[in-house]
2 protein chains.
Amino acid sequence: MNNTEDMELIRLSSHVNSGKLVALEVGKDISLPIRRVFFVSGELGEHRGHHAHKVLTQILVCVNGLCTVICDDGANRKKFILDSSEKVLEIPPGIWAEQIYSRENTVLLVMCDYPFDEADYIRDYDEFIQYRKEQLT
Amino acid sequence: MNNTEDMELIRLSSHVNSGKLVALEVGKDISLPIRRVFFVSGELGEHRGHHAHKVLTQILVCVNGLCTVICDDGANRKKFILDSSEKVLEIPPGIWAEQIYSRENTVLLVMCDYPFDEADYIRDYDEFIQYRKEQLT
């Protein structure tokens, strides 16, 4: 089972001339294949997420603004501040995650290793705690 | 050889509650594998790009702001306005492309089907015209 303790931000390098370019290479910066990509533009202060995945891994990059990500493994919570597109957060399966859109025009880019499947979601926190217990036994 | 005449924007659907989520699925919305992703934050009015690729295809999404993309096949130019993340532009190989960051905080997301390879770039316009001629003969 994955734990928040083992979760760390991955740092990408940027190329700055007048603008800024940040690149991420599959097989180098991240090891998973990208099967689905989604981008979320949140309202200021919006709180989204509130779910875990059973199998799917998410790679998060805040490409504009600032996104606060709370990760929870049922025993411990860990907070990550995504305030630059050089910071990448990989959320493995079995981790409950929430995102707060903490600045105007915050855009979160999420890359997933599987297509959308509602059956892979755990959207109820008590059910999540139960799921973690079952996985550990 | 690819022509700008055949280039059209792909439309993605969005899920709007308080914020907005737009998703793109590999094998459904786009057919190419994603091997490299980069995100560019441009200065207002910045003009970037000015190159073509020999083999690589780029998938462009403007995830914040407004990006004007000019595509050129050596004979015809075509302009695309990316003013929403529902609009996706696929730039095939052999097309010269330029991007203008036309609004504050414009962020362009680019997904590529190959890793970075400087040898795949044509960065000189005269050389590009010569390359198109050679490919057509």
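The values are calculated or read from the model by the stated rules, or taken from the named source; none is laboratory data. Keep in mind the model is a prediction, meaning the values are calculated, not measured. Heads up, the Cβs are rebuilt from the backbone with ideal geometry, glycines too, and the neighbour counts pull from every protein chain shown.
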Given (1) touching a strand residue (DSSP E or B) at 6+ places or on another chain (Cβ under 8 Å); (2) part of a loop (DSSP other than H, G, I, E, B), B:E8 misses just (1)
Qualifying residue in region B:12-29 (condition: at pLDDT 95 or above and in contact with a helix residue (DSSP H, G or I) (Cβ under 8 Å, 6 or more places away or on another chain)): no
Here the residues within region B:90-110 that are outside any strand (DSSP E or B) and touching a helix residue (DSSP H, G or I) at 6+ places or on another chain (Cβ under 8 Å) are B:G94, B:I95
Please specify each residue of region A:59-73 satisfying the condition of being out of contact with any helix residue (DSSP H, G or I) (no Cβ under 6 Å at 6 or more places or on another chain), crowded, with 21+ Cβ neighbours inside 10 Å and either more than 9 Å from chain B (Cβ to nearest Cβ) or within 27 Å of B:P33 (Cα to Cα) (or both). A:I59, A:L60, A:V61, A:C62, A:V63, A:N64, A:C67, A:V69
Considering only residues that are in contact (Cβ under 8 Å) with a residue 40 or more places away in the chain and on the phi > 0 side of the Ramachandran plot, look in region A:4-57 and name the one that is nearest to the other protein chains (Cβ to nearest Cβ). A:G45
Those residues that are more than 25 Å from A:R35 (Cα to Cα) and of a type outside the set (F, W, Y), I need them from region B:87-105; list them, please. B:G94, B:I95, B:A97, B:E98, B:Q99, B:I100, B:S102, B:R103, B:E104, B:N105
Just give me the residues in region B:111-131 being in a helix (DSSP H, G or I) and surrounded by fewer than 13 Cβ atoms within 10 Å (Cβ to Cβ), in sequence order. B:E118, B:A119, B:D126, B:E127
Quick one: how many residues across region A:13-28 are more than 19 Å from A:L82 (Cβ to Cβ) and part of a strand (DSSP E or B)? 3
When restricted to A:C67, A:C71, A:C62, the only residue touching a residue at least 40 places away in the same chain (Cβ under 8 Å), more than 23 Å from B:L108 (Cβ to Cβ) and either touching a strand residue (DSSP E or B) at 6+ places or on another chain (Cβ under 6 Å) or not hydroxyl-bearing (S, T, Y) (or both) is A:C71
With respect to B:S85, is the statement that it is of a type outside the set (D, E, K, R), at negative phi and crowded, with 22+ Cβ neighbours inside 10 Å true? yes
Reported set for region B:88-137 where residues are closer than 27 Å to B:G27 by Cα, of a type outside the set (A, V, I, L, M, F, W, C) and within 12 Å of chain A (Cβ to nearest Cβ) is B:Q99, B:D113, B:Y114, B:P115, B:D117
